[in-house]
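Quick notes on the structure that follows.
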Amino acid sequence: MNNNNKVTSYSVAGLGLAVSALGLKMLPKSLGAGIIGFGAAHVLLGLLDTQRPSVRNSF
């Protein structure tokens, strides 16, 4: 099996990092805080996804 699962997990985390950076630019507005939270959740879930047994044992 190839490591496409790992690439997907890190892509989700990277996208979350980009969304969080966008939220930081919009921080004085209340929408910015929500965008930061949305991005942070994607970072956390993407990194947690790398620890799933089906992803860890795929390479």
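Taken together, the values in this text are just the output of simple stated rules run on the coordinates, not laboratory data. None of these values were measured; they are calculated from a predicted model.
Computed values, structure above
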read-out: The chain - mean residue ellipticity at 222 nm from DSSP helices (-39,500 (n - 2.57) per run, n ≥ 4, rounded to 500); value: -25500 deg cm²/dmol
read-out: Surface/4 of the Cα convex hull for the chain, nm²; value: 3.4 nm²
